[in-house]
Structure formats: C-alpha cells, structure tokens
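A.B. asks: One structure, as structure tokens, below. Some questions next.
The values are calculated or read from the model by the stated rules, or taken from the named source; none is laboratory data. Since the model is a prediction, treat every value here as computed from it, not as a measurement. When we count neighbours, we look across all protein chains shown, and the Cβ atoms used for this are built from the backbone with ideal geometry, even at glycine. When the accessible area is computed, the model is the full protein with side chains, heavy atoms only, and any ligands, DNA or RNA have been set aside. Shrake-Rupley method; radii C 1.70, N 1.55, O 1.52, S 1.80 Å.
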Amino acid sequence: DLRMLGYAADAITGVSLIALTEASERATTIRNVHGLFDGVLTGYHAQKRYERRDGGLLWANVFASRIPAMAEDGPMLAVIVEDITSRLEAEQSLAATRAELARVSRFTAMGELAASIAHEVNQPLAAIVTNSHAALCWLEREEPDYQEVVAALQRVHRDAAHAGNVITRIRGFLKKEGLKRERVDVPGMIDALLQMLRRTLDEAGVVVELRLAPALPELLGDQVQLQQVLLNLLVNA
C-alpha cells in the first residue's frame, strides 16, 4: 500500500483506507466495512479509486473479508488491494484505438462509395439548376405564368431537401462518436444505405432483392455501426 499510494510509513500510520478512498466512493466503502463488522457481509469485492499522496488516483481491485473474533479485540478484516491503474489505462487506450480504426474503416468504405454519393448529390443539384432556370424563363415572359413558376420552385425545394438529406446521411455515417444505444428504424436504415449504394450496385450490374418481415420488432442499437456492418457485407458480396 505504501508504494502504491506514495506514502512513507510514518505518514500513513493510523490512516484508514476509507480516508484514502476517493471522496465520491467513501459512503459505499463505509457501508461495506460496517456490513463486515456487523456480520451482515462475510466479504465483498469492489473496483474503486484511492487518492495517492501526489494527488493522483489509484484504481484498485479490493477484496475484503471478515476474520471471526479470535480474541477480546473482536473480529478483524483482511483486505487485499490490487493496483489495476495501468491495466485500465491500457484498456481505455485500446478502446480508443479500436474506435479510431472503426472510423477509418468507415472512411475507407466511403471511398468505395464516392461515385454513388456524387451521383446521388449531383442528380438533385442538376434538377435544381433546370427548375430554377425554367422559373426564370416563365417570369421573363411578357405574361409571366406564375403557376408554372410556383411549380418549378416547389420542385427546387423538393430537390434541395433531398440533397440535404443525402449530405446528412453521409455526415452521420462518418461522424466520430462513441457507441450509441437508441431506437433504430430498420427499414429506414436499410433504405438509406441502399440509396447510398445505388450507383455502385448499378455499375456492378447487381440487383438487391429486399425482403423485410412485416411488423419488425423495435431495435435498440447504434445505427451507424449497424449500417457499417451491412455496408461491408454488401460491398464484399
């Protein structure tokens, strides 16, 4: 304990491990210790933090058990403290690396979809140019046809919204975020993915036959990662 917490022998004498426990976890530790002394618990295991002498925190696995009274002093406690700080830091680093690799994987897959994305965005943009030009032509007539202008502008609005939705899907696919657990619209998720892949599938001469069971149960998950799995399956196939 001295080496792990950075204390000299004379500085830690008389100091309980409860006092060295990180402040937010002391109440739980006190309940556990009292439970041992009162005979409610025979032992307990916890993962907790201790405050080091230098101000840092020590992550530890703590195993505590009650030793029955062998003398007038009453029962005693046997406590084993295992320093797991380095292990947890390594696990956190590994998790961050895996998350970054998953993100890079998404970028790689998106490179293969560049043609599909360009086609899907260019299509509504071309329609916007055509319809806006038509609206100007209708306005420049000696007797402007305002009904045609309104219809053309409505088509412009529709196509602009479609292009915006494409960009939103792509940004969501590439977004760097942690694992989410939220409601997923499975048919909508698959439809969005197939739309992104449409150009690639057409050029490869592939026809996707989609069969979805009616009344699919509600799904909780990470939509981006689920799309990534389906994307890899489709591209690899």
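A.B. asks: So for each of 182-191, 225-234 I average, over its residues, the number of other beta carbons within 10 Å; can you give me the resulting order with the highest mean first?
C.D. replies: On the way: 182-191: 12.9, 225-234: 15.2.
The peptides rank, most packed first, as 225-234, 182-191.
A.B. asks: Order Thr168, Thr28, Thr42, Thr85, most accessible first, counting only protein heavy atoms with a 1.4 angstrom probe. If you can, show how the numbers build up before the last one.
C.D. replies: Numbers: Thr168 90, Thr28 65, Thr42 120, Thr85 25 Å².
Ranked from most to least accessible, the order is Thr42, Thr168, Thr28, Thr85.
A.B. asks: Using protein chains only and a probe of 1.4 angstrom, how many square angstrom of Leu153 are accessible, to the nearest 10?
C.D. replies: Rounded to the nearest 10, that gives 90 Å².
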